[in-house]
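Below you'll find the structure, written out as structure tokens, and then a few comments.
The values are calculated or read from the model by the stated rules, or taken from the named source; none is laboratory data. It should be emphasised that the depicted structure is a prediction, and the values quoted were computed from it without experimental measurement. Backbone-built Cβ (ideal geometry, glycine too); neighbour counts: all protein chains shown. Ligands, DNA and RNA are excluded from the accessible area calculation, which covers all protein heavy atoms including side chains. Shrake-Rupley method; radii C 1.70, N 1.55, O 1.52, S 1.80 Å.
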Amino acid sequence: ADEQAVYFADLGDGAPRAVCMQSLYWDADGNVQDYRSDMLEIIGTSGDNDTGVTLMDMEVSEGNVLLLGNTVDQSDYKNIEKEGERTLFLAIQNAAMDDGKLIHIPNVTEGEEPDTIAYLVKGQNPGELYLMWNIAQADSVDKTYLVPIDAEGNVIGTRGFDNPYVIYARLSRVKPMMSENGKIVWYYTNAERPVFVSVDTSRLSELDSY
């Protein structure tokens, strides 16, 4: 929520069969307006619980609502039946749900699918966010990818989705937070102990690239 509205996201299996974003918006006269926008159509029949989509995080920044998720290719229902390869998507709308866009984020390399854990972390500066995600490979080295973006979904700087920053740690079900000194902090557990991670956003250039 912000001073304009309360925002929702829904993964509808029917009526609509789509990823939709919704707001309860207070207009200039103090009346509550209910707006909705269908951002990603889901193939299949109404009521089918299999969608091939996972919603993961949502943030409000500079009057925009950003929704992060992953999806199979929705052009063929076989991708849902067989749990086809997934890619990340970022849906962006304004409070009135009438000026949105959907950004499909390609995988870093072929075969590296996004995990069901990904986050949008708000930065210290207005309109600054950090999109972070893991890959779904249990046997791989722990890696978290990070790309700075603005409230319109544009990449900030020169390190985009084809060359993200790499942190040799994994995310957990506990969402990272931005500290007062500009560090993204979180923890996860391995087989033996908790692991605490701190990433200084003023020194991202020192991180590895993919």
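Estimated at the nearest 10 Å², the accessible area of Thr54 is 40 Å² with a 1.4 Å probe.
At the residue level, Val53 shows approximately 10 square angstrom of accessible surface with a 1.4 angstrom probe and all protein chains present. Accessible area per residue for region 1-135, computed on protein heavy atoms with a 1.4 Å probe, is 47 Å².
Farthest toward the positive end of the dipole of region 147-206, out of Gly153, Thr189, Ser172, is the Cα of Thr189, where the dipole comes from beta carbon charges about the Cα centre.
When the alpha carbon gyration tensor of region 105-166 is reduced to an equivalent ellipsoid, its three semi-axes come out at 22, 12, 9 angstrom, largest first.
Note on region 129-210: Cα-Cα pairs beyond 21 Å make up 28% of the total pair count. Working from the Cα coordinates of the chain, the gyration tensor eigenvalues give, after taking √(5λ), semi-axes of 28, 24, 15 Å in decreasing order.
Which FRET efficiency, nearest 0.05, do Leu11 and Asp34 yield, Cβ-Cβ r, R0 25 Å?
Numbers: r = 19 Å, r/R0 = 0.75.
The pair Leu11/Asp34 has a calculated efficiency of 0.85.
Computed on protein heavy atoms with a 1.4 Å probe, the accessible areas place Glu85, Glu180 in the order Glu180, Glu85, largest first. Average projection, convex hull of the Cα set of region 1-89: 6.2 square nanometres.
Solvent exposure of Arg193, expressed as accessible area, is near 130 Å², computed with a probe of 1.4 Å over the protein chains only.
Using a 1.4 Å probe over the heavy atoms of the protein chains, calculate the carbon and sulfur portion of the accessible area of the chain as a whole percent.
Numbers: 4750 of 10760 Å².
About 44 percent, which is the carbon plus sulfur part of the accessible surface.
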